[in-house]
């Protein structure tokens, strides 16, 4: 019995599974980017951002600075504030979020290109 054929067939199946998974991820991320861009263009988002999120970032930055300047720093509080600030900055700027997902799409495209080259036997 020639086991190399079995290994080769399994490898091809895994490559096809990976390609279909990557294509699905690419489609999902593309939809996410489109939705983010539509939301960002609305006046409602601009108003919510200015009323809630922009102020939240400023408040968290002030709290973080205040915590750092204390004589005795509470490390858990510092970490909590850093986490909240990172979250607020991430979700307050939809353009940055959109760019992040676009980078993910580019990574997937590169992986798909590599898979195609592997199937074709080229490197």
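FYI, it's all coordinate maths here, none of it is from the lab. Given the structure is predicted, the values throughout are model-derived calculations rather than measurements. Please note: Cβ atoms are built from the backbone with ideal geometry, for glycine as well, and neighbour counts cover all protein chains shown.
The structure shown yields mean projected area of the Cα convex hull in nm², and of the options [x] 12.5; [y] 21.9; [z] 10.7 that calculated value carries the label [x].
Compared with the dominant principal axis of the Cα atoms in the chain, helix 75-92 is inclined by about 70°.
Note on 119, 80: ascending count of other Cβ atoms within 10 Å places them as 119, 80, the fewest first.
Please work out whether segment 42-114 counts as rounded, prolate or oblate from its C-alpha gyration tensor, where a ≥ b ≥ c are the square roots of the eigenvalues and a/c under 1.5 means rounded, while otherwise a/b larger than b/c means prolate and anything else oblate? Oblate shape, in that a/c is at least 1.5 and b/c is the bigger or equal ratio. Hey, what angle do you get for helix 54-68 against the long axis of the chain, alpha-carbon based, 0 to 90 degrees rounded to 10? Rounded to the nearest ten degrees, it is 80. Any idea what angle helix 3-40 forms with the longest principal axis of the chain, computed on alpha-carbon atoms, 0 to 90 degrees, nearest 10? Between helix and principal axis, roughly 30 degrees.
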